[in-house]
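The values are calculated or read from the model by the stated rules, or taken from the named source; none is laboratory data. In this text the structure is predicted, and so the values were computed from the model without any measurement. For neighbour counting, all protein chains shown are included, and Cβ atoms are generated from backbone atoms with ideal geometry for every residue, glycine included.
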Amino acid sequence: MHMDIVMQQVLKMKNEDPVRFNKLVQEGMAAELGYLPEKNLREISAEKLKKENYSEDPEYTAVSDAVLAGKRKDVEKLVNKLIENGRDPLDIVTEALMPGIQVQCEMYDLGKAFVPEILMSNDAMQGGITICQSELGDIPSKGNIASFVAQGDLHDIGKNICAAILKANGYTVTDLGRDVSKEEVLKTVKDKGIQLVCGSTLMSTTKPGLMDTALLLELEKTGVSVACGGAAVSKAFVGTFNNAIYTKSPLETVHKADSIISGNKKWNELR
Amino acid sequence: MTAEQAVALDIGTSGLRGQLVNLENGQVIRTCIMNRNPIPGANIMDHLSFALECGGDKTRRLLVSTVHDIIERLKPEHLSRIAVCGNPIQLSLLEGKEFRDLAYAGESKLKEENIGPVDRPGHIVSGDILGFDSGVEIIIPPAVRHEIGADALAMMIESGFLEDDFCLVTDYGTNAEMALKVGDTVYTGSAAAGPALEGQQIGSGMLAGPGALSDLCRCPQGWRAKVLDSRMEVQDGPMINMRSGMIHKEGVVPKGITGTGVIALVHAGIMDGRMSPPKITGDSIDITRNIRFTNEDLAEAGKALGAIRAGHLTLMIEAGVSHKDIHTMYMAGASGTYVDPIKAMSVGMVPPSVINVVQVGNTSLQLAKDIAIKPDEIDSLNVLRKELLAKHIMFAKSSVFSDLYSYELAVWTEGMDTYRYSRKLAEYDQSGYLGTPLKPTIRKVSDLDIIDTGESLEMLDTKIEIRGTWNCSRCGICVRLCPEKALNMDNGRFIVNTGMCLGTACMRCVENCPEGAFALWNTKNEFHISKRPNETVTAEPFPL
């Protein structure tokens, strides 16, 4: 085709369809600069993150890959085999199971992985951890966190995501489930040496449950605060009572948990 | 002597509808619509929160005075009966009966509060419970179980769904009640879709009214906006080119976007590649200087559409049928009547393999009218309630729903590829659900959601106000920060228009008060309900 005709068509497209025109120009420039089109980004970041996080032992990376792919049965099979071969269960957790979910969480932060995948990877990892736990007893962790959905509410998608991401970041999470009373939370806090409680609720009718839990934990002088989240909960609502902080996303929960458990911060320093 | 008259009422989460009916010939005399529900809050859980915090009695007074408002405007001459239909929450609040069993989903809370199961049969009570003459009968239809209320029953009876098989019915309202019929078994559910599909909680959203952008039509230069004029007739509006982002100012200038407008925008945006959830290229579609559809609006709409699609899929999976077996979809409610079914299918509101779509209008008001004319029907409804083999799937408890909804959220708000969702659906034997929909035949029972409006249709804005006063500096921050402009100050007294108020989900008035003095919602505070003088808009019957 003659160059003039090509240019004419390009100009026509620029006038008629500037959105598409700009997109094409940007994609073209990106290709010139050595960036590959977006489609491959997921694979590239996955490879890069795997290199950073995975162990060098191929038997461990196989487990990590199975966690990343969210295949619980595969993970259980592989972990059982490793234990039969005399590998250290603690090593399996830190070198094989954790890196898999770590990669998934970092991909999620980059917008390359999504909530359903985190949940599946978490499920797969839990399968492995349960096996290791039965061999080893308790596994050392960054801290003890309890998670629950306020009494009266059953919506637990958000709580499950949050618990999965906390586990992926090295915390031991005691998941109390949904429709949990404040007394039940208090009992767990006292019995299990919990350092932070994460509560959520979707229904606006049940949000007083979070407040009551935070106040009961304060009244009983447990020294444990409640990180609150969920669709019905706002920063301003959490600001109306003591002994609680608001966390908007699972990632923020991890950061605040780090500050409270490792950084020895109090709830009022984090509001 | 004039013939006896009855009033049929539909109490919805986002508005009330009333009709005056001549009992001699069953004709509708006139219709009146209240644009908002008077209880603060945009959804039913927020309504319940208000009732829990401020007391059922106060909440009831709000509803009762709104009902009086509507009936006053209907000008009945010889009122002998009032039939009320709606979801069990609104009906229980109106009657002043137990509602707390509906406020909590978890058993442990119900046990702690000593709330047992509540039976809600259909019944007839004397008018004095709502402040009418004791000679007036008030007819309340039954709820099948507490989650399947009279409104869901109305949707199943009035649409023809119960006579059909392998069909779905959905009331596209705030609570999106839905039912699937396979053989003799009816599977029901309610996906709290939120009010986005009614034009609320959308930045430039509005309810259907003059100036509302209600649809988009494909034409060679792009999409022609359809806007309602002052007579509620559809007129041509601006021309929107999704690809170039160019808008030609033409025709009627839109003032806001209705629910059906939202669906049309999402459909058009995705068709033309302008939107790929969660992002709109250029971050928003600017329709006029003040009206735009933003990324946040797309996310809100996406959550609502996702809840409906996940709900439909959950019913089919629980019933063990493939979506390919479902032939007919009955679309109820105002949004279900006015939406273009083709667009609704393309955004996932209707399963893709449906070949018949029937738009049935507001079934709740139809049932109220039927029992207003024949109150004995209440007995057969009570029989049906016992016989109906309904299997209710509480979506909050369903692992299938929570699995699918997490995919919906990922698709609509995080930008996950739909092919990953399809792969998941294939595991549930629902492959092809996200594919290109079939072209169904469409039958509209009536052009309007209210099939017969009688000689006039009146639209009222809610005028119910709560007044209160307390010690503070009257700095006015609360009034300025009210996002709905529901709060005002008059002579040192605070006045809130409860129908406009967003209730517990907002609370900016309380939270931003520098003195911590804002006490309108304080339970101890005296509650003054008053009404502003009514200025009403009389409108022609309108297609949205």
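Say whether the condition of being surrounded by 16 or more Cβ atoms within 10 Å (Cβ to Cβ), in a helix (DSSP H, G or I) and among the small types (Gly, Ala, Ser) is met by at least one residue in the range B:269-278. Yes, because at least one residue in the range B:269-278 is surrounded by 16 or more Cβ atoms within 10 Å (Cβ to Cβ), in a helix (DSSP H, G or I) and among the small types (Gly, Ala, Ser).
Against the condition in contact (Cβ under 8 Å) with a residue 12 or more places away in the chain, within 14 Å of chain A (Cβ to nearest Cβ) and among the aliphatic types (A, V, I, L, M), how does B:ALA83 come out, does it pass? So B:ALA83 fails the test. Answer yes if at least one residue in the range B:21-37 is within 14 Å of another protein chain (Cβ to nearest Cβ) and of a type in the set (Asp, Glu), and no otherwise. Among the residues of the range B:21-37, not one is within 14 Å of another protein chain (Cβ to nearest Cβ) and of a type in the set (Asp, Glu), which makes the answer no. Residue count for the range B:272-289, restricted to those that are more than 14 Å from chain A (Cβ to nearest Cβ) and in contact (Cβ under 8 Å) with a residue 24 or more places away in the chain: 2. Restricting attention to the range A:104-117, the residues that are more than 18 Å from B:TYR419 (Cβ to Cβ) and facing chain B (nearest Cβ under 9 Å) add up to 1.
Among all positions in the range B:96-113, there is no residue which is of a type in the set (Ser, Thr, Tyr), under 24 Å from B:THR31 (Cα atoms) and modelled with pLDDT under 95. Of everything in the range B:240-256 that is within 14 Å of chain A (Cβ to nearest Cβ) and not in a loop (DSSP other than H, G, I, E, B), the residue that is modelled with the highest pLDDT is B:ILE240. Just for the range A:142-178: of the residues that are over 16 Å from the mean Cα position of the chain (by Cα) and among the charged types (D, E, K, R), which one is surrounded by the most Cβ atoms within 10 Å (Cβ to Cβ)? In this case the residue turns out to be A:ASP153. Inside the range B:15-62, can you point out the residues that are touching a strand residue (DSSP E or B) at 6+ places or on another chain (Cβ under 7 Å) and part of a helix (DSSP H, G or I)? If the condition is that a residue be touching a strand residue (DSSP E or B) at 6+ places or on another chain (Cβ under 7 Å) and part of a helix (DSSP H, G or I), then B:ARG61, B:LEU62 are the ones that fit.
Quickly run through the range B:91-130 and pick out the residues that are touching a His at 6+ places or on another chain (Cβ under 8 Å) and closer than 20 Å to B:ALA42 by Cβ. Scanning the range B:91-130 gives B:LEU93, B:LEU102, B:ALA105.
For residues that are among the charged types (D, E, K, R) and under 28 Å from A:MET120 (Cβ atoms), scanning just the range B:385-404, find the one that is surrounded by the fewest Cβ atoms within 10 Å (Cβ to Cβ). Lay out the reasoning, then the answer.
Taking the range B:385-404 as the starting set, the residues that turn out to be among the charged types (D, E, K, R) are B:385-387, B:391, B:397, B:403.
If we keep only those that are under 28 Å from A:MET120 (Cβ atoms) too, we end up with B:397, B:403.
Details: B:LYS397: 14, B:ASP403: 20.
Among those residues, the one meeting the criterion is B:LYS397.
Restrict the check to the range B:6-18 and report whether at least one residue is surrounded by fewer than 21 Cβ atoms within 10 Å (Cβ to Cβ), of a type in the set (D, E, K, R) and away from chain A (no Cβ under 14 Å). Among the residues of the range B:6-18, not one is surrounded by fewer than 21 Cβ atoms within 10 Å (Cβ to Cβ), of a type in the set (D, E, K, R) and away from chain A (no Cβ under 14 Å), which makes the answer no. Somewhere in the range A:187-201, is a residue in the same structural domain as A:THR247 (by TED's automatic domain parsing), closer than 19 Å to B:ILE115 by Cβ and not polar (S, T, N, Q)? Looking through the range A:187-201, none of the residues is in the same structural domain as A:THR247 (by TED's automatic domain parsing), closer than 19 Å to B:ILE115 by Cβ and not polar (S, T, N, Q).
Matching residues to (1) in contact with a Gly (Cβ under 8 Å, 6 or more places away or on another chain); (2) within 14 Å of chain A (Cβ to nearest Cβ); (3) surrounded by 14 or more Cβ atoms within 10 Å (Cβ to Cβ); (4) among the basic types (Lys, Arg):
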{"site": "B:TYR407", "(1), (2), (3), (4)": "no, yes, yes, no"}
{"site": "B:TRP412", "(1), (2), (3), (4)": "yes, yes, yes, no"}
{"site": "B:ARG423", "(1), (2), (3), (4)": "no, yes, no, yes"}
{"site": "B:TYR433", "(1), (2), (3), (4)": "no, no, yes, no"}
{"site": "B:PRO440", "(1), (2), (3), (4)": "no, no, yes, no"}
{"site": "B:ILE450", "(1), (2), (3), (4)": "yes, no, yes, no"}
{"site": "B:ILE466", "(1), (2), (3), (4)": "no, no, yes, no"}
{"site": "B:ASN471", "(1), (2), (3), (4)": "no, no, no, no"}
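Filtering the range B:501-521 to residues that are small (Gly, Ala, Ser) and part of a helix (DSSP H, G or I) leaves B:GLY503, B:ALA505.
Just for the range B:96-119: of the residues that are in contact (Cβ under 8 Å) with a residue 24 or more places away in the chain and part of a loop (DSSP other than H, G, I, E, B), which one is nearest to the other protein chains (Cβ to nearest Cβ)? Explain how you work it out, then say what you get.
Here is the first cut: in the range B:96-119, the residues in contact (Cβ under 8 Å) with a residue 24 or more places away in the chain are B:96, B:99-103, B:105, B:117-118.
Adding the requirement that they be part of a loop (DSSP other than H, G, I, E, B) leaves B:96, B:99, B:105, B:117-118.
Working: B:GLY96: 18, B:PHE99: 10, B:ALA105: 4, B:PRO117: 16, B:VAL118: 16 Å.
Across the range B:96-119, the extreme among qualifying residues is B:ALA105.
The residue pairs whose first member lies in the range B:457-477 and is among the acidic types (Asp, Glu), whose second member is not in a helix (DSSP H, G or I), and whose beta carbons are closer than 6 Å, counting only pairs six or more residues apart or on different chains, are B:GLU458/B:CYS32; B:GLU458/B:THR536; B:GLU458/B:THR538; B:ASP461/B:ASN35; B:GLU465/B:ILE495; B:GLU465/B:ASN497; B:GLU465/B:SER530.
Annotation: A:LYS142 fulfils all but one of (1) within 13 Å of chain B (Cβ to nearest Cβ); (2) in a loop (DSSP other than H, G, I, E, B); the unmet one is (1).
Buried (at least 21 other Cβ atoms within 10 Å of the Cβ), at pLDDT below 90 and of a type outside the set (Val, Ile, Thr): does that describe B:MET206? Break it down into steps so the answer makes sense when it comes.
Values: buried (at least 21 other Cβ atoms within 10 Å of the Cβ): yes; at pLDDT below 90: yes; of a type outside the set (Val, Ile, Thr): yes.
Spelling it out, B:MET206 is indeed buried (at least 21 other Cβ atoms within 10 Å of the Cβ), at pLDDT below 90 and of a type outside the set (Val, Ile, Thr).
Residues in the range B:456-463: is at least one assigned to a loop (DSSP other than H, G, I, E, B), closer than 30 Å to B:ALA310 by Cβ and touching a Pro at 6+ places or on another chain (Cβ under 8 Å)?
Step one: filter the range B:456-463 for residues assigned to a loop (DSSP other than H, G, I, E, B), giving B:461-463.
After this cut, where a residue has to be closer than 30 Å to B:ALA310 by Cβ as well, the list is none.
Checking the range B:456-463: not a single residue is assigned to a loop (DSSP other than H, G, I, E, B), closer than 30 Å to B:ALA310 by Cβ and touching a Pro at 6+ places or on another chain (Cβ under 8 Å).
If you go through the range B:219-228 one residue at a time, do you hit one that is modelled with pLDDT of 90 or more, farther than 21 Å from B:GLY361 by Cβ, of a type in the set (A, V, I, L, M) and in contact with a strand residue (DSSP E or B) (Cβ under 7 Å, 6 or more places away or on another chain)? Yes, because at least one residue in the range B:219-228 is modelled with pLDDT of 90 or more, farther than 21 Å from B:GLY361 by Cβ, of a type in the set (A, V, I, L, M) and in contact with a strand residue (DSSP E or B) (Cβ under 7 Å, 6 or more places away or on another chain).
Name the helices (runs of 4 or more DSSP H) wholly inside the range A:167-271 in which the number of residues that are within 14 Å of chain B (Cβ to nearest Cβ) and free of Cβ contacts under 8 Å to residues at least 40 places away in the same chain is 1 or more.
Working: elements: A:182-192, A:208-219, A:235-238, A:250-261.
Filter on the range A:167-271 gives A:182-192, A:208-219, A:235-238.
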